[in-house]
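The structure appears right after this line, and notes come after that.
The values are calculated or read from the model by the stated rules, or taken from the named source; none is laboratory data. Not measured: the values here are computed from a predicted model. Neighbour counts are summed over all protein chains in view; Cβ atoms, including those assigned to glycine, are modelled from backbone coordinates with ideal geometry.
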Number of protein chains: 2
Amino acid sequence: MVFSKTCEYGIRAVIFIAQKSENGAKIGIKEIAAGIDSPVHFIAKILQDLSKRGLVQSTKGPNGGFYIDKVAQKRTLADVVRAIDGENIFIGCGLGLKNCSETKPCPLHSEFKLIRSEIQKTLSSATIGDFNESLNLGLSFIKER
Amino acid sequence: MVFSKTCEYGIRAVIFIAQKSENGAKIGIKEIAAGIDSPVHFIAKILQDLSKRGLVQSTKGPNGGFYIDKVAQKRTLADVVRAIDGENIFIGCGLGLKNCSETKPCPLHSEFKLIRSEIQKTLSSATIGDFNESLNLGLSFIKER
DNA sequence: TTAAATAAAGATTTAAAACTCTTTTATTTG
DNA sequence: CAAATAAAAGAGTTTTAAATCTTTATTTAA
């Protein structure tokens, strides 16, 4: 729920790459897929897209791979989500009504405003690089097993 | 996001039926579909399912239709969501990790715990019948146009 | 300057969700 | 009891998301 599968993989990949490339290393797509438990070609597609938007960096050829530079480390998870799933999670109506608004609210409008703002706050206050340390210390995980 | 389309329709339908049947009336499936802007046969399927679970009542034949009795008016939106989309929204990991837990948390675990509990609180404190008045007064809406 | 490594791109397949259509069953009323 | 009405049930179809496979382009290093 909340995010599409694509977006879940995207967030996990971005966090993974950030951690692994902190020291300047580059990470191959196979290693990324293994590191976050995702289908190789699927995450490749997602990263191509994030790469075009500057949320990850990459180089081809031997010793190539993905990495996240200092600038991108400061981008937020909200940017990643926006790039993949769009604005809807931040602004959409909980009951799927397109013209739900302050003046014509759905019955759950104000409740969902609170929830959405909580989501927005969480995602826009977390940068891509924020999790490096906790992952390094084994305090959090982005892999199933 | 958050809910499946099926679930959005389901919630809207249930709220609609609750309001319209408050006085004991029964509402036909066509009227429901029109009242919440949903495909007739699709919402019919959803209501069949909710009916089996006792979240709505129905009778066949002339003057038949759907309604929601006193008991079901007291059921919560959480029950409806659980019936259609399952538990996942209440317990699932924000990053889609199946074995994310307190002891093996994903990087966003605690943040999502807050968000989920907000969703849970909202849905389980709102009964199906809670919106009758606000809909009657034209203070909230469950239809696009 | 060629071979190997690697990401990018494109095309295709699979699976799940959303939606539609047809037939059946139950109920009511004349 | 027959006809009409309305939901239930079942069997599709369409659309979208997810996943896979194949080919191309770029880079490096021998």
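Points to keep in mind about this one:
- Among the residues making up segment A:1-46, those that are charged (D, E, K, R), within 28 Å of residue B:116 (Cβ to Cβ) and either within 14 Å of the chain's Cα centre (by Cα) or in a helix (DSSP H, G or I) (or both) are A:5, A:8, A:12.
- Residue check, residue A:20 in contact with a strand residue (DSSP E or B) (Cβ under 6 Å, 6 or more places away or on another chain) and within 12 Å of DNA strand D (Cβ to nearest atom): no
- Each residue in segment B:58-95 was checked for being within 10 Å of DNA strand C (Cβ to nearest atom), without any contact (Cβ under 8 Å) to a residue 60 or more places away in the chain and within 12 Å of the chain's Cα centre (by Cα), and 1 of them qualify.
- Residue list for segment A:122-145, filter: facing another protein chain (nearest Cβ under 9 Å) and of a type in the set (D, E, K, R): A:130, A:143, A:144, A:145
- For residue A:102, the requirement of being at pLDDT 95 or above and either buried (at least 19 other Cβ atoms within 10 Å of the Cβ) or within 7 Å of chain B (Cβ to nearest Cβ) (or both) is not met.
- For segment A:115-129, a tally of residues being farther than 12 Å from residue B:108 by Cβ, in contact (Cβ under 8 Å) with a residue 40 or more places away in the chain and among the small types (Gly, Ala, Ser) returns 2.
- Which numbered condition residue A:46 misses (of (1) touching a Ser or Thr at 6+ places or on another chain (Cβ under 8 Å); (2) more than 14 Å from chain B (Cβ to nearest Cβ); (3) near DNA strand D (Cβ under 10 Å from one of its atoms)): (2)
- Subset of segment A:59-73 [surrounded by 12 or more Cβ atoms within 10 Å (Cβ to Cβ) and part of a loop (DSSP other than H, G, I, E, B)]: A:64, A:68, A:69
- For segment B:74-90, taking the residues that are in contact with a strand residue (DSSP E or B) (Cβ under 8 Å, 6 or more places away or on another chain) and buried (at least 19 other Cβ atoms within 10 Å of the Cβ), the one that is nearest to the other protein chains (Cβ to nearest Cβ) is identified as B:77.
- Residues that are more than 14 Å from every other protein chain (Cβ to nearest Cβ) and within 14 Å of DNA strand D (Cβ to nearest atom) within segment A:23-37 comprise A:24, A:25, A:26, A:28, A:29, A:30, A:32, A:33, A:34, listed in sequence order.
- Single condition residue B:117 does not satisfy, out of (1) assigned to a helix (DSSP H, G or I); (2) within 16 Å of DNA strand D (Cβ to nearest atom); (3) out of contact with any strand residue (DSSP E or B) (no Cβ under 7 Å at 6 or more places or on another chain); (4) among the small types (Gly, Ala, Ser): (2)
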